[in-house]
Structure formats: C-alpha cells, structure tokens
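Since the structure comes first, as structure tokens, the remarks are kept for the end.
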Amino acid sequence: MEKKEHDFGRHFALYYCNVHKEDKNSETDSITSEASQNESSISLSVLSTDLEASVETELRKFLGQKLAKNLVYSDNGSISTMECRSDDDVKTSFSCYYCMLENVEDKQLIVNDDSTSDPQQRKYIVCFTAFQKNNLDHFQHELDVYCKGVLKYLDDQVCCDPSMQGGPTTQDSKVQLTNINTSVRAYLENWCEVTMDYTCRCMKLLGPSVKYILYGALVDATFEFKGMTEQHQHDLKRFLHACNLSEILKQTDKEKRGVSPASTGSLDLLVDLGECTSAPQQTLTLTLSQDEVTCSPEVCTTFCEDWSKIFNKTDYHRASQIRHVLEAFKIKYIQSINTLKRLLIQAEADYYALYKSYVFIKNSGNSEILLNYSHLDSVHEIQDVVKSLKEFITENLQQT
C-alpha cells in the first residue's frame, strides 16, 4: 500500500516527567534515572504514544539518559539519533526530536484554597521520531512551534478535571489523563502532516512552477494567490518562509561579529544583514486553474529554473529530501553573492578582477538578482564598480 510505503517510521510519544525528592520507587512502566545535582529520581510516565512497546521502552531509556545529563531543554527541542530493536528484533536508527514543556499556568496554581503554590510543577516531554534517512534536522523550527501547541490541550484537560489539581503523580491519575487525552492524541498524530508534509503538498501542487516561488523568495517579492484553497495558501506561505534566507544570514552575521566561534565551512562572512536593497518590491500572482499553477508576471532567472528542475527530480513523498534541496539552494545563492563581492572588492584596483566579475555574473544565470537584489551597491567600497558593471551589462543587452 502507498500509505505504508511512505510511512517512513514517523511516530510520537508524550511523557509526564515526575521528579521525586525522597521516594525513589519506580513503577513497572517507568524508567528511573538518578539526577546528581539534587539527588532526586526522575521517572517518565507514558501519557500517549503510537510506538510499539519495545521501541517505546528504548525511547524512555534514551530520554532517561538525556535527563540525567540535563540535556533535555525547555521550550527549545533537540534532535538526536537513537538506535533500537523492534518486537521483531530488527535494529533501526531513528531521528528523534524531544522537548520538555512546562505547564506555565501551574506556577500560579492555588492549592487547598490558600496562596501556597503547587510544589510539583508539571513537566511533559514530547517526542517525534522518524527513520534516520528522513532526519528531522531541517524542520527544527516547525517542530518547536508545533510542540508548544500541545500545552493548550493538556491545560484544557487538567482544568476540566479537579482531581488533577495536585498533579498526575499516581497510577490512577495517570490513567485519568490517558482516558481524557483524545484531543491530545489527535494533535500528536498529525505532527508530520503539519510540520513536514507541507513541502510535499507544495511540490505536488507547483511542479515546474516552483521556480516562481524560488525567484520570489530571492527578490523578496509579495505573493497573491487566486483559485486556491486556504490549505493551499497556508502551505505555500510556509514554503516561502522556509525559502527565507534570514536564518542563514543571521548565523553568518553572528560569526562575522565574533559572537560564535563556529566555522562557516563553505560560507564566508561577506554577507551583511545591515545592508539594504534599493530595488522596488515585486508582486507576483500565482493562479491555480485546472490543476496547474501559473504566475503573472512570468518572471524568473536561469538560476531558479535550473534549481526548479532539481526540485522536480526529488521524491514528492519525501519531505526531508525536498527540504535538503531547498537548503542547498539557499546556500548556493549566498555563496554566489559572497563570490561576487570578493571579486568586486578586488576589481576596485584590478581591471582583470572586474572582467572576472562580469564573466561570473554572465554565467551565474542570476545576473538580475545578483546586481539588483543582493545589496552589492550598498557597499561603499564597491559602489563605482557595481555601477560600471550594470552599465556595461545594460549596453550589451541593448546590442543583442
């Protein structure tokens, strides 16, 4: 079956995290680890999961080890690789996202009609897993946002059950929470549909027209949508957000300013977030008609068309593969800006470097964007060089 074929081992688990100051007895369904900092034991109680029993047990052991080392963080998730054996004794590697959530409202909880705060603040751990070949690294932001949405359903359930006001610290209260978590389970089951598969839906919808999305992302165009459902528009807006270069630029900007000692690898540090573009913002209209998406005006570059072909060679069912290509597209664009900037700085005192700059722009397939939207003319040292290149390219275009 196609659904089974493209399942990719995506699963979820939700745990309640108990911290016991004195009582270190563990239940049969909990994995307990010693926390050296406060000599307390931490146990994880399963609230909801669709993992098979053997894998779920391995996941709890894995999380117990992370908790013992204080490597499970609140509000910001982590992604690691874990290996486990299924009930059929098959060894499998998983990409595992995990995040601790704290019930904020419980910090002000009134106990026994007085002003004493609840001594046991509720903490939950949310986990999402997928086969390692479909790793979750590129979807960190989406997973963090989606994970925090779980708290709303947990808060609603706790508020509806007065017996839960002391916290689910016993087997009975754990069962109560499990019995009323229908909405929580439905939310968790939908995690990959929301956080990852929008990329698949966009590629199925756009096909070759993905080139207009890529172009629009590079020139920071505004988009209008016609003939599309709300779901289509929501998916496309998220895809556009994923195309945004700000995260990569922020990282290079931090490294350039010495905030982070990490190496940029193939990226150099010439990109500057403080630079502003003088190019007017474009408006592109995407229209869906007879299952085909068209764009008005039909503007694009060879660079975006070439990358569109790469996108359309990916498996439309593999969100991680699509996202991997998208990240490579963004990095390649920034590399081209940095290469051109380097050449232009050299061209200030070297006419041969000016010629090399022209050849690079001509062969990039992205000359319009590189010159007009990459903020090159805002760099004071190379303003005259950029102006000369623009005039030369314009004259050549008029002659051909």
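The values are calculated or read from the model by the stated rules, or taken from the named source; none is laboratory data. Computed from a prediction, not measured in an experiment: that's the story for all the values here. Backbone-built Cβ (ideal geometry, glycine too); neighbour counts: all protein chains shown.
Odds and ends about this structure:
- For region 38-68, a residue qualifies if it is touching a strand residue (DSSP E or B) at 6+ places or on another chain (Cβ under 9 Å), over 18 Å from Phe12 (Cβ atoms) and not in a helix (DSSP H, G or I), and the qualifying residues are Asn38, Ser40, Ser41, Ile42, Ser43.
- Some residue of region 149-165 being part of a helix (DSSP H, G or I), modelled with pLDDT under 90, aromatic (Phe, Trp, Tyr) and not assigned by TED's automatic domain parsing to the domain that holds Asn372: yes
- Breaking point among (1) of a type in the set (S, T, N, Q); (2) touching an Asp or Glu at 6+ places or on another chain (Cβ under 8 Å); (3) surrounded by fewer than 20 Cβ atoms within 10 Å (Cβ to Cβ), for Ser95: (3)
- Number of the condition not met by Pro168 [criteria: (1) at pLDDT below 85; (2) part of a helix (DSSP H, G or I); (3) farther than 20 Å from Ala319 by Cβ]: (2)
- Criterion applied to Lys387, Lys332, Lys362 was being surrounded by fewer than 16 Cβ atoms within 10 Å (Cβ to Cβ), modelled with pLDDT of 85 or more and either over 30 Å from Lys204 (Cα atoms) or not assigned by TED's automatic domain parsing to the domain that holds Val219 (or both), and the one residue passing it is Lys362.
- Considering (1) over 21 Å from the mean Cα position of the chain (by Cα); (2) closer than 24 Å to Val150 by Cα; (3) at pLDDT below 90; (4) of a type in the set (S, T, N, Q), the lone condition that Gln37 does not fulfil carries the number (2).
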